[in-house]
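The values are calculated or read from the model by the stated rules, or taken from the named source; none is laboratory data. It should be emphasised that the depicted structure is a prediction, and the values quoted were computed from it without experimental measurement. With ideal geometry, Cβ positions are generated from the backbone for all residues, glycine too; neighbour counts draw on all protein chains shown.
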Amino acid sequence: MYKSLQIKKGLFYVGVNDRSKQLFESLWPLPKGVSYNSYLIDDEKVVLFDTVDICYSDIYLKKIKSVIGEKPIDYLVISHMEPDHSGSIKWLLSMYPNLQIIGNSYTCDMLKGFYSITDKVQVIKDKDELSVGANTLKFFLTPMIHWPETMMTYIVQSKSLITGDAFGTFGTLDGGVMDSQLNPEWYYDEMIRYYANIVGKYGSAVQTAYKKLADIDIECICSTHGPVWSEKENIDSVISLTDKLSKYETDNGLVIAYGSMYGNTEQLAEIIASSASDNGIKNIVLHNVSKSHESYILRDIFKYKGLIIGSPTYNNGLFPPIENLLCGLENRGVKNHLFGYFGSFTWADATIKKFTEFTSKMKFDIVADPFKMKQSPDDSVVEQAINLGKLMAERLNSTIY
């Protein structure tokens, strides 16, 4: 028998875990799976918040019925229409045909486009309220975190905030659901990886949402992925971390991302890292782009202020995984970084030109002149690599955090 957890009086967790999916959005690795979180209020009216991936609808229904038995669901509030949350809506309507859907105007358009649903939809506006008995729901439109229809619901009496994908993390909920039942430390790095890859482009939208929510007292954060945050220390940490990420603020550290086909470019990356370490930098992460998935590189770039990228010339351009990484950085509007770059080639260099084109589009602070290596490291190139590491360390050490 499935048992659903009561988070606050009358508010229950009815989500599921996905330990089978390999890639989130067919892009981002899920070594420890992901949760699809749904919540339910059992009051004079029964209110469900979001659904789950359609693959888990049978387990989902059992969890819902473990709370309400054969009672009908009166309202379904949709925070986000991405199919990992909306996928069970049409199925749910077949189980509860009198259910009323609550969403905004963008939600309605997507309901029609994804599922051909056009009726039984109640359209709400920003800061509208709905009484469901002992509980009052207040709706906040938070567009572009990270789709245009995204919204949050504040349950006034329990001071709980249903946030959609905001504050989400990768990783299943193993045994417990609430932060008090889990070791929350592991989820923080996965929250950064989730933010960097899923939400990272929309920092300004996050800041707009923060201003809108500034006056409400939050005692529980209920995201659609990851733990329920209910302990004050963790709520403060989660809010502070997302605020920091959305402003592209970073910690003192260095990411060196490089491509290397035969090891020569990798040698330079090692030399740069050693030089930075010799000059006092402790947080140094090296990523071989042929081995490290882009999602982890982006996570670390969102964490640390220093960034150095090195690439061999490939087909008169950059090494393809490096080119993809640069595209990812540009797409997310990453800024406020100290940056250095270097290239390598065998007979004709194209890297410095390509990197320079990239830096002209980015709000990066270049710490040193770029350099390039022909074929393999010689004394001159080694000296330039040492100097790049040294200059990066000096700039990082002089930055006030």
So, of the residues in the range 152-193 that are part of a strand (DSSP E or B) and touching a Gly at 6+ places or on another chain (Cβ under 7 Å), which turns out to be farthest from I301 (Cα to Cα)? M152
For the range 249-283, give me each residue that is in a strand (DSSP E or B), surrounded by fewer than 19 Cβ atoms within 10 Å (Cβ to Cβ) and not polar (S, T, N, Q). D251, G253
G33 passes all but one of the listed conditions (1) without any contact (Cβ under 8 Å) to a residue 12 or more places away in the chain; (2) in contact with a strand residue (DSSP E or B) (Cβ under 7 Å, 6 or more places away or on another chain); (3) among the small types (G, A, S); the exception is number (1)
Check the range 352-365 and report whether any residue there is surrounded by 14 or more Cβ atoms within 10 Å (Cβ to Cβ), under 12 Å from Y258 (Cα atoms) and in contact with a strand residue (DSSP E or B) (Cβ under 7 Å, 6 or more places away or on another chain). no
Confirm whether D126 is at pLDDT below 95 and either assigned by TED's automatic domain parsing to the domain that holds V47 or within 30 Å of E190 (Cα to Cα) (or both). no
Could you check the range 253-267 and list, in sequence order, the residues that are of a type in the set (G, A, S), within 31 Å of the chain's Cα centre (by Cα) and more than 14 Å from M392 (Cβ to Cβ)? G259, S260
Answer yes if at least one residue in the range 212-224 is without any contact (Cβ under 8 Å) to a residue 24 or more places away in the chain, part of a loop (DSSP other than H, G, I, E, B) and of a type outside the set (S, T, N, Q), and no otherwise. yes
Of the conditions (1) more than 10 Å from V67 (Cβ to Cβ); (2) over 26 Å from the mean Cα position of the chain (by Cα), Q6 fails just one. Which one is it? (1)
Of the residues in the range 67-122, those that are exposed (fewer than 15 other Cβ atoms within 10 Å of the Cβ), small (G, A, S) and at negative phi come to S94, S105, G113
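Results for (1) over 27 Å from S26 (Cα atoms); (2) in contact with a strand residue (DSSP E or B) (Cβ under 8 Å, 6 or more places away or on another chain), shown as yes or no for each residue.
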position: L286; (1), (2): no, yes
position: S295; (1), (2): no, yes
position: K305; (1), (2): yes, yes
position: I308; (1), (2): yes, yes
position: Y314; (1), (2): no, no
position: M373; (1), (2): yes, yes
position: D379; (1), (2): yes, no
position: V382; (1), (2): yes, no
Which pairs do you get when a residue that is without any contact (Cβ under 8 Å) to a residue 12 or more places away in the chain, found in the range 354-367, comes within reach of a residue that is part of a helix (DSSP H, G or I) and surrounded by 13 or more Cβ atoms within 10 Å (Cβ to Cβ), reach meaning Cβ atoms under 8 angstrom, with the pair 6+ apart or on two chains? none
In the range 299-355, what residues are hydroxyl-bearing (S, T, Y) and in a strand (DSSP E or B)? Y304, S311, T313, Y314, Y341, S344
Determine the pairs where a residue that is surrounded by fewer than 21 Cβ atoms within 10 Å (Cβ to Cβ), located within the range 144-156, has a partner that is assigned to a strand (DSSP E or B) and polar (S, T, N, Q) with Cβ atoms under 8 Å apart, the partner being 6 or more residues away or on another chain. V156/T136
Cβ-Cβ under 7 Å pairs, at least 6 apart or on other chains, the range 274-285 side at pLDDT 95 or above, far side in a strand (DSSP E or B) and charged (D, E, K, R): N283/D251
I322 - would you say it is in contact with a helix residue (DSSP H, G or I) (Cβ under 8 Å, 6 or more places away or on another chain), crowded, with 19+ Cβ neighbours inside 10 Å and in the same structural domain as D378 (by TED's automatic domain parsing)? no
Matching option when the condition is under 21 Å from M392 (Cα atoms), at pLDDT 95 or above and surrounded by 16 or more Cβ atoms within 10 Å (Cβ to Cβ), among G328, G340: G340
